[in-house]
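J.: Structure below; questions to follow.
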Amino acid sequence: MERKALAYEGKAKKLYETEDKSVFLVEYLDQATALNGAKKDAVKGKGQMNNQITALIFEKLADKSIPSHFIKKTSKNEQLIKRVEMIPLEIVVRNVAAGSFSKRLAIKEGTLLPFPITEFYYKEDRLDDPFINEDHVAFLQVATKEEVKKIKELALQVNQALQELFVSIDIRLIDFKIEVGRTETGTILLADEISPDTCRLWDIETNEHLDKDVYRRDLGDLIPVYEEVLQRLEEKGA
Ligand code: TMP
């Protein structure tokens, strides 16, 4: 399927129309950003890593009866997706304290949480993606209360499936972010990407960071770390 007009350009991806109105082509870019775009670098090879990792993860989730917008990978850095109406939320699920959760609540990074904690962030660059609650989501008319319930259920299902997948490759899933969209018939569908950009992944033995914190915290080169995740997923991901 051919690329047509550019429909949307994000920080790490470009979305193109195709000859099929219901299908977009996504190009993953060699671009790393953090702090809502304040830190930004070209990172050669990152686009193909995240495209391949996301494709593999969405395939594994589909095998576990969690469908997404993913259709198929068409090249190393491109994939076809179903067109959905994106809901402007970042939904975060946490199993272990880290990042902004640790900072906000003064909980030591690495503290195991007694149950998965779901959080909502309003995707609005102008406001720096603020942390909001379910009433805010309904007030802003971002999603109905009914949809919020479905989104939470989906996020927890994804958490369960991802934890199983990552533990099978000796990785601990600390937390992750997903985004969702609405199909034409109103079904909530998993969308965007799931990659080391959007998850915190720690090696089960060493607690080594295998995710974008390597870039956010200037801990070293990102590409060998992403390659390691891809290789483990390709070799023995459950
Ligand atoms: P946080 O601890 O910075 O709130 O991040 C929680 C998780 O969400 C972590 O796995 C990184 C991911 N995340 C994104 O994918 N995009 C974002 O814009 C943010 C803030 C976090």
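J.: Any idea which residue in segment 84-113 is nearest to the ligand (Cβ to nearest atom), counting only those that are under 18 Å from THR144 (Cα atoms), under 16 Å from the mean Cα position of the chain (by Cα) and not β-branched (Val, Ile, Thr)?
T.: Looking at the filtered set, the residue picked out is GLU90.
J.: Among the listed residues THR206, THR185, identify the single one that is more than 16 Å from the ligand (Cβ to nearest atom), of a type in the set (S, T, N, Q), loosely packed, with under 15 Cβ neighbours inside 10 Å and within 28 Å of GLY47 (Cβ to Cβ).
T.: It is THR206.
J.: I would also like to ask the following. What number of residues in segment 31-83 are assigned to a loop (DSSP other than H, G, I, E, B), charged (D, E, K, R) and more than 21 Å from TYR16 (Cα to Cα)?
T.: Final tally of qualifying residues: 2.
J.: Kindly indicate whether any position in segment 92-111 is more than 29 Å from GLU235 (Cβ to Cβ), exposed (fewer than 15 other Cβ atoms within 10 Å of the Cβ) and among the aromatic types (Phe, Trp, Tyr).
T.: no
J.: Ok, one more. Output yes when any residue across segment 166-181 is more than 15 Å from the ligand (Cβ to nearest atom), in contact with a strand residue (DSSP E or B) (Cβ under 6 Å, 6 or more places away or on another chain) and not hydrophobic (A, V, I, L, M, F, W, C), and no when none is.
T.: The answer is yes; a qualifying residue exists.
J.: I've got another one for you. Looking only at segment 124-158, which residues are in a loop (DSSP other than H, G, I, E, B), crowded, with 17+ Cβ neighbours inside 10 Å and either within 13 Å of the ligand (Cβ to nearest atom) or small (Gly, Ala, Ser) (or both)?
T.: Answer for segment 124-158, where residues must be in a loop (DSSP other than H, G, I, E, B), crowded, with 17+ Cβ neighbours inside 10 Å and either within 13 Å of the ligand (Cβ to nearest atom) or small (Gly, Ala, Ser) (or both): just ALA143.
J.: Restricting to segment 48-59, name every residue that is open to solvent by 10 Å² or more (accessible area, probe 1.4 Å) and farther than 12 Å from ASP197 by Cα.
T.: Hits for segment 48-59 are GLN48, GLN52, LEU56, GLU59.
J.: Pairs needed: first member in segment 13-33, small (Gly, Ala, Ser); second member anywhere, open to solvent by less than 30 Å² (accessible area, probe 1.4 Å); C-beta distance under 9 Å; at least 6 residues apart or different chains.
T.: ALA32/ALA12; ALA32/VAL43; ALA32/LYS46; ALA32/ASP197; ALA32/LYS212; ALA32/TYR215; ALA32/LEU222
J.: Hey, any hits in segment 35-47 for a residue that's polar (S, T, N, Q) and either free of Cβ contacts under 8 Å to residues at least 40 places away in the same chain or open to solvent by less than 50 Å² (accessible area, probe 1.4 Å) (or both)?
T.: Checked segment 35-47: no residue is polar (S, T, N, Q) and either free of Cβ contacts under 8 Å to residues at least 40 places away in the same chain or open to solvent by less than 50 Å² (accessible area, probe 1.4 Å) (or both).
The values are calculated or read from the model by the stated rules, or taken from the named source; none is laboratory data. Every value quoted in this text rests on a predicted model; they were computed, and no experiment measured them. When we count neighbours, we look across all protein chains shown, and the Cβ atoms used for this are built from the backbone with ideal geometry, even at glycine. All accessible areas refer to the heavy atoms of the entire protein, side chains included, with ligands and DNA or RNA removed. Shrake-Rupley method; radii C 1.70, N 1.55, O 1.52, S 1.80 Å.
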